[in-house]
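Each remark here refers to the structure printed beneath this line.
The values are calculated or read from the model by the stated rules, or taken from the named source; none is laboratory data. Please read these numbers as outputs of a predicted model, since none were measured by experiment. Note that each Cβ is placed from the backbone with ideal geometry, even for glycine, and that neighbours are counted across all protein chains shown. Note: accessible area is taken over every heavy atom of the protein model, side chains too, but ligands, DNA and RNA are not part of it. Shrake-Rupley method; radii C 1.70, N 1.55, O 1.52, S 1.80 Å.
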Amino acid sequence: MRLFQLAGALALALSLARSVPAFSPEDYGAFAKGGPSERAELLAQWAARADTGLPSFLDALEASEFWSTPDGRLVRTPDGAQFRDAITDSVLGPAAPDWEEVVVSNVLRAGVEGARAVSKLSIADPAERLEAAKQMQEADLDPAMLPALEQAVTREQVPAIHILLKSLVTKLSLASDQPAKRILAAQALGKSGDASNNLKLVEDRLGLDETGAPLETDSAVRLALQNTAAGLKTKVWFFEMTGNLFTGVSLGSILVLVALGLAITYGLLGVINMAHGELVMIGAYATYLVQTVFRQSFPSAESYYIVVAIPVAFLVSALVGIALERLVLRHLYGRPLESLLATWGVSLVLIQTVRSLFGPQNVEVASPEWLSGSLVLQSNLVLPWNRLAIIAFAGTVLALTALVLTRTRLGLFIRATTQNRRMARCMGVRTSLVDMMAFGLGSGLAGLAGVALSQIGNVGPDLGQGYIVDSFLVVVVGGVGQLAGSLWAGLGIGMLSKFLEPAIGAVLAKIGLLVIIILFIQKRPQGLFALKGRQAD
């Protein structure tokens, strides 16, 4: 606060000191005679004049090179031995006993820092001006700084810096002593900037001061502030709902990814694969192994390990799924209870195997640099890049899966076997091979879901357990074997969860969601889309 109070003093001095040359003998004399507060104010005045010699003067001051003499002269000792006159640079010899060192006290140090901050707004390098403007954005600015900032806005040509400084001016104008300026500031806050922060500024201005009296006493200004606050509340609510919608779509895209493979295997084979979550986990661990290989062998290309991890995770999970189908499930077709218990046992085996190989602790899978960070639209609307990528990835996988099922020979056989297995067999389709390929496809899709999950959470042996129940709900609600049903059900369940959680909490939201799904299934047991397949025969 003191830093900007002192900086604000330079604004007042700005209009008075325009004709005074920088670092005049009078300036040095005043600095030598003054106390810490007077010296700090002088620094603020010099910063307002944008003198190019100020940074070196501040450096020397912080290095304790300046001394003052009883007759009001400022002397300097760059080497700590010989003293020179600060104005003429003439050598004066060693220090006299009555000379005093200019000590940089806390008050003077605040003046030094304030002068540096304000002077940075006048330097030529845009990067340094931008950094100074950003620092001021996070500071508690004093309204007395407003004139200096208004001048900085006038001369600033870089758009990014201009916007930041203009935002600072708008915020400080709320405390201006001119009602018209406060009204304009209130209107400006309602039109641009961060809605949440602007709403807090407006509400603070509409609040009470330390004595309990209204901070804003002008009726016209209060009316403008109230109108702005009403508009900003609507904006804040809209951005919050948009944020909930985004998180819902993000969760829904993950559920769709996990449920896609489940929809294929359950729709084709009628097998409740309790090991599907572990196939997701295997995909995540495959991603971890690819990342490890890149770190050790191709460190310069580590940021692109995810590109290789996608096909690797698909193939590894698909091969495990094919092995599961060939070794276990093919002997249990038509026996749903036994197949359910068998896949549950396989899931336990897979979890324990991973624990034995990688340990019970989670392993680190770091997102590539180009997926780090967030798209900040508002302070209450932040969209992480990795979640945006997962949404796009889920959409791509869904489109490719639909393409495979509708435009390829394998897809034709899968659809034929799903709709009427005996007729497909009579037409020469090798349904046993189709079962294996379809199970491998569904398992590979689970591996892709593991790649996505590795980018947003911990990778551990229990990774798939947290999503398997919700994935079954997606399949049941969407309709068994229906990709479109899985899409709409996944998005619907995801968004419903994220809209319920802020209102009633995560636990009650989960219970409420289950109740809604039960009621829905009671009303429409075939799901969103009509059931087709041998279960319907």
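Observations on the structure shown:
- Net lengthening on full extension, VAL308/GLN135 (0.36 nm per residue, minus Cα-Cα): 58.2 nm
- Straight-line cross-link reach from LYS181 at under 28 Å between alpha-carbon atoms covers these lysines, not counting any fewer than eight positions away in the same chain: LYS120, LYS134, LYS166, LYS171, LYS191, LYS200, LYS233, LYS235.
- The stretch between GLN157 and SER432, if pulled fully straight at 0.36 nm per residue, gains 91.9 nm over its current Cα-Cα span.
- Per-pair calculated FRET efficiency, R0 = 35 Å: LEU410 and ARG295 via Cβ, rounded to 0.05: 0.45
- Per residue, the chain reaches -22500 deg cm²/dmol at 222 nm when only DSSP H runs of four or more residues are counted, each adding -39500 (n - 2.57).
- Rolling a 1.4 Å probe over the protein heavy atoms gives the chain an accessible area of 49 Å² per residue.
- Cα shape, the stretch 150-262, gyration tensor, a/c 1.5 rule: oblate
- Heavy-atom accessible area order for GLU150, GLU325, GLU240, GLU100, largest first, 1.4 Å probe: GLU100, GLU240, GLU150, GLU325
- Estimated FRET transfer efficiency (ARG425, VAL507; beta-carbon r; R0 51 Å; 0.05): 0.60
- Computed magnitude of the charge dipole of the chain (debye, nearest 20; Cβ of K, R +1, Cβ of D, E -1): 4000 debye
- Computed FRET value (nearest 0.05) for ILE516 with PHE358, which takes r as the C-beta separation and R₀ as 56 Å: 0.90
- Accessible carbon and sulfur surface of the chain relative to its total accessible area, %, 1.4 Å: 62 percent
- For a modelled paramagnetic label at GLU128, 7 Å from Cα along Cα-to-Cβ, the residues of the stretch 152-188 in reach, with backbone nitrogen under 19 Å, are 152-153, 155-162, 165.
- Pairwise label distance in nanometres, THR88 with LEU208, each label 7 Å out on the Cα-Cβ vector: 6.5 nm
- Positive dipole terminus of the chain, leading residue within SER356, LEU327, GLN157 (C-beta point charges): LEU327
- Rounded to the nearest 10 degrees, the angle from helix 159-173 to the longest Cα principal axis of the chain is 70 degrees.
- Global form of the stretch 212-289, assessed from the alpha-carbon gyration tensor, a/c cut-off 1.5: prolate
- For LYS510, the lysines whose Cα comes closer than 23 Å to its Cα, not counting residues fewer than 8 places off in the same chain, are LYS498, LYS523.
- Compactness ratio for the chain: Cα radius of gyration over 2.2 N^0.38 Å (N = residue count) comes to 1.45.
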